[in-house]
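Novice: First the structure, then my questions, so here it is.
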Amino acid sequence: MTRVYICSCFGITEQQVKQHADSGACTPRQIASACKAGTDCGSCVRRIQALLGRGACPRRDLADRSEQVLSELEDAA
């Protein structure tokens, strides 16, 4: 098994990033929240962006249509 490391600072592999994306992480910031990748030196952020691509993401689709993305936070306020 070949491991391709995306984030060498935290030892995060391409497979781990893909798993987080499959679980709903749509942005590099959401990946960072899930596993810290991209939060130290930042050199992996572009690679994470490339892995995420412009695939289906409900939040991104809402943002592209200028609809509320974080409505649950606004409802709580």
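Novice: If you line up the Cα atoms of the stretch 1-56 on their principal axes, what length do they span on each, largest first, in Å?
Specialist: 27, 27, 17
Novice: Also: Measure off 7 Å from each Cα along the Cα-to-Cβ vector at T27 and S8, then give the distance between these two points in nanometres to one decimal.
Specialist: It works out to 2.8 nm between the two label points.
Bear in mind that the values in this text are calculations on the coordinates, not laboratory data. Predicted model only: the values in this text are computed from it and were never measured. Every residue, glycine as well, gets a Cβ built from its backbone with ideal geometry; the counts of neighbours run over all protein chains shown.
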